[in-house]
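The values are calculated or read from the model by the stated rules, or taken from the named source; none is laboratory data. Bear in mind that the values here come from a model prediction, so they are computed numbers and not experimental data. Neighbour counts are summed over all protein chains in view; Cβ atoms, including those assigned to glycine, are modelled from backbone coordinates with ideal geometry. With ligands, DNA and RNA removed, areas are computed over all heavy atoms of the protein, side chains included. Shrake-Rupley method; radii C 1.70, N 1.55, O 1.52, S 1.80 Å.
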Amino acid sequence: MHRSNCLVCLGMLGLLMVVLGVVVTVVFDPLVNSFINQELVIRNGSDMYKEWKNPPVVPHLQVYFFNVTNKEEFLAGDKPVFQEVGPYCYREHWKKVNVKFHNNGSVSYETQKFYFFERNASVGPEEDVITTLNIPMMTALSQWRFAARLAKLALSSMLEVLGTQPFVTKTVGQFMWGYDDPLLKIAKDIIPPDQRLPYEQFGFFIKKNGSTDGLLNVYTGEYDMTKYATINTYNYKNKLHYWKTDSCNKVQGSDGSSFPPEVVRDTTLYMFNENLCRSVPLTYWHNIEDFGIEGMRFSPPPDIFADVSTKPENECYCVGGPPCIGGGVFNISSCKFGSPTLVSWPHFYQADPKYREAVIGLKPNADKHAMFIDLAPRTGTPLRAQARLQINIAVPYVPEVHPAAKLREIIFPVLWFEDGVAELPGNLLELLRLSENTPPVAKLSMLLALYSVGFIIVVFVVIAFLTTHYDLPVPYFNPNFTHREGKTTKVNNTPDRKSHLTGHTNTMVSNDPENDA
């Protein structure tokens, strides 16, 4: 009876360990994720808030210009030949300003960005000279191309008086931060405010140094972690006004610095990009390992800028047609003061080959030109990110304007840039390794211990019960059997009929009763 009780207790222990293994399988990840999520919530004064307000990362902006080497031949009818010049590298410093928390579990802020030129990481100084399109002139041509003939002739006379030509040669610093252009000064008085560039100078990053990109209101995760870091409003609005439908105008996703946690392969992330004037979807590309952390690489889907014939839902972005531009380029003129600006991935990566074949000098490469974000899936934290974009100008054909009479319609690349973070600081990487790598190892160790020991105990107890119940000759499991000289001999536990019950010895009875007298 004592042995049976031990086996029952041992069996219950084994079953308990197996049950605990099932419990760990079910509740371990939710419990760990819940703990991590609470640490991620943006709360005023917390450690997370300090890291969020003054990001410890060091982003870099790298700019590549397409220097035109045959402008005269191009005007005479040849394809433009480009020499890519770059990178010109700028170290960035970001900080969040005008921070204000709200009762609905959101926080408002603006991200202020400063740029510092890094000569050692650049191909040359900012005094390097680049030749490219005269974009203020292209903007004027684009806005007046459908005007009356008399208006076009007036524009032609004005351009001739100003000495404006289709191409300009300026330094990198001037193209980046601005240079005087007489056409912009005149446009200030004759073009409606919504159609003219906002400055009397032209520069791709004019007034960007020390400025902000607008007021964002994002969710802190206090009430709902599925909305963590996602945008509620942009400049007090939850939709834009540039496109045809509310769905395409919707401001959704994050600003790219954080994403909701627990990312899986089927997740579609959204990142609001003010340069594209829209939210960009990001889908799973492939697994990666960055800095000892297994993550996932997300990138815009290949058909994001596809033709309407291929992707009908892109028709909502067709505000300048039909016909609509597509095939890998995206028209943002409606949000850039009517400037004939088109964006694409660098070197027309994933675009229709016709754009690349119309010029000379472009070689698309996924490793160099694809936009991507590497994420730690449990926390949704970017491990590495590169937002890459190419600026193109749609050159119009307006023969009535004499200085532009030799131009022909073409999508003309001007520059491309990548803006992102190549590496996180060491202390942040250690925290991410702890949150991403430790839970799976701990879970696996617990499951191995619980399931293996539990099953071994259960199997041992089952075998012991079966051998005892069926009186099987199994050593160590059935104590009723022993080994003697290589044979199994049953041990007779039946009491000896000669055993004395009292402990007294009867002297009248011998061990040989038949010979007793």
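Rounded to 0.05, the FRET efficiency of the LYS50 and ALA76 pair, given R0 = 56 Å and the Cβ-Cβ distance, is 0.40. The slack in the chain from ASN287 to ALA358, taken as 0.36 nm per residue of separation less the alpha-carbon distance, amounts to 22.0 nm. Placing one equal scatterer on every Cα of region 57-424 and applying the Debye formula, the log10 ratio I(q)/I(0) at q = 0.09, 0.13 Å⁻¹ is -0.54, -1.14. Each of ARG145, ARG384 has its accessible area taken with a 1.4 Å probe; listed largest first, they run ARG145, ARG384.
Accessible surface ranking for TRP416, TRP94, 1.4 angstrom probe, highest first: TRP94, TRP416. The GluC sites (Glu not before Pro) of region 69-148 that meet both conditions, a loop assignment by DSSP and at most 16 other Cβ atoms within 10 Å of the site Cβ, are GLU118, GLU126, GLU127.
Measuring nothing but alpha carbons in region 22-72 and taking Rh as the Kirkwood radius, the Rg to Rh ratio lands at 1.47.
Of the peptides 417-424, 214-221, 350-357, 238-245, the ranking by mean beta-carbon count within 10 Å, highest at the top, reads 214-221, 417-424, 350-357, 238-245. A 1.4 Å probe, protein heavy atoms only, puts the accessible area of ARG265 near 130 Å². Isolated cysteines of the chain, defined as having no other cysteine beta carbon under 4.7 Å away, are CYS6, CYS9, CYS89.
Pairs of Lys residues in region 63-128, spaced 8 or more positions apart or belonging to different chains, with C-alpha separations under 26 angstrom: 4 in total. Between 0 and 90 degrees, the angle of helix 2-40 with respect to the longest Cα principal axis of the chain falls at about 10 degrees. Ranked by solvent-accessible area (1.4 Å probe, protein heavy atoms only, all chains present), the residues MET17, MET137 order from largest to smallest as MET17, MET137. Overall, the accessible surface of the chain at a probe of 1.4 angstrom is composed of carbon and sulfur to the extent of 56 percent.
Over 28 Å apart at the Cα level, from the set LYS207/LYS244; LYS207/LYS227; LYS53/LYS239, are LYS207/LYS244; LYS207/LYS227.
Ligands, DNA and RNA excluded, the heavy atoms of LEU432 present near 10 Å² of accessible surface to a 1.4 Å solvent probe. Think of a 1.4 Å ball rolled over the protein heavy atoms: region 57-424 then has 44 Å² of accessible area per residue. Helix 135-144 and the long axis of the chain differ in direction by around 70°, with both axes built from C-alpha atoms.
Taking Cα atoms only, the orientation of helix 426-469 departs from the longest principal axis of the chain by about 30 degrees.
Among residues other than GLY326 with Cβ under 9 Å from its Cβ, the summed charge is -1 (Lys and Arg +1, Asp and Glu -1).
A probe of 1.4 angstrom, applied to the heavy atoms of all protein chains, finds SER34 with accessible area near 60 square angstrom.
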